[in-house]
Amino acid sequence: PVSSGRAVANPQTGSPELRGHVRFLYVILFLPSQGKPRPRPGDLIEIFRIGYEHWAIYVEDDCVVHLAAPSEEFEAGSITSVFSNRAVVKYSRLEDVLHGCSWKVNNKLDGTYLPLPVDQILQRTKEMVNKIVQYSLIEGNCEHFVNGLRYGVPRSQQVEHVLMEGAKAAGAVISAVVESIRPKPVTA
């Protein structure tokens, strides 16, 4: 049906031609599996795993590039991969990387760093596919990797947050120890 000159966005109503157009637009604009806006090439994808976030960079046709453990025995992007000092750069369907987890487009550093031009991001990203890279949970994880590709700056706010919280906890412990060994005034 048409109302006030606008097509209704329900693909089950209206003429067959209108339903076809609406379905086409839905497929173009959204990933059917999660009803989210389709990422654009060069977008960073944050995947919410239990206990940590895995990161990937969107390339094209519902495919992403991400770091995975080099061994076939480990699931791509699994927590097990943090025990390896190497990772393989994989080109995969986003759906295959999700493993049922939720995700979002998260270009959160766009306000801090200017993203590289999309063609440069994609060229750099595609050149990395199937390469083995050094992996370090603290200095070179999947978040460092995708931020390096998008901004030219390998940074992990996930690690920065953990280190900051660890420093605060250590400071609290040191303060408590110093307070406990401080001489107390003698009272009569």
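Just a few scattered comments:
- Each residue in segment 35-52 was checked for being open to solvent by less than 50 Å² (accessible area, probe 1.4 Å) and modelled with pLDDT of 90 or more, and 8 pass.
- First in segment 135-161 and buried (at least 22 other Cβ atoms within 10 Å of the Cβ), second anywhere and among the acidic types (Asp, Glu) and modelled with pLDDT of 75 or more, Cβ under 8 Å, 6 or more apart: Glu143/Glu53; Ser156/Glu143
- Test: Pro11 is part of a loop (DSSP other than H, G, I, E, B) and at pLDDT below 50: yes
- Residue within segment 148-161 that is part of a loop (DSSP other than H, G, I, E, B), modelled with pLDDT under 90, among the acidic types (Asp, Glu) and over 13 Å from Trp55 (Cβ atoms) present: no
- Pick from segment 65-116, criterion in a loop (DSSP other than H, G, I, E, B) and open to solvent by 70 Å² or more (accessible area, probe 1.4 Å), ranking: modelled with the lowest pLDDT: Glu73
The values are calculated or read from the model by the stated rules, or taken from the named source; none is laboratory data. Everything numeric in this text was worked out from a predicted model, so none of it was measured. Cβ sites come from the backbone with ideal geometry, for glycine too, and all protein chains shown count toward neighbours. The area values use the complete protein model at the heavy-atom level, side chains included, leaving out ligands, DNA and RNA. Shrake-Rupley method; radii C 1.70, N 1.55, O 1.52, S 1.80 Å.
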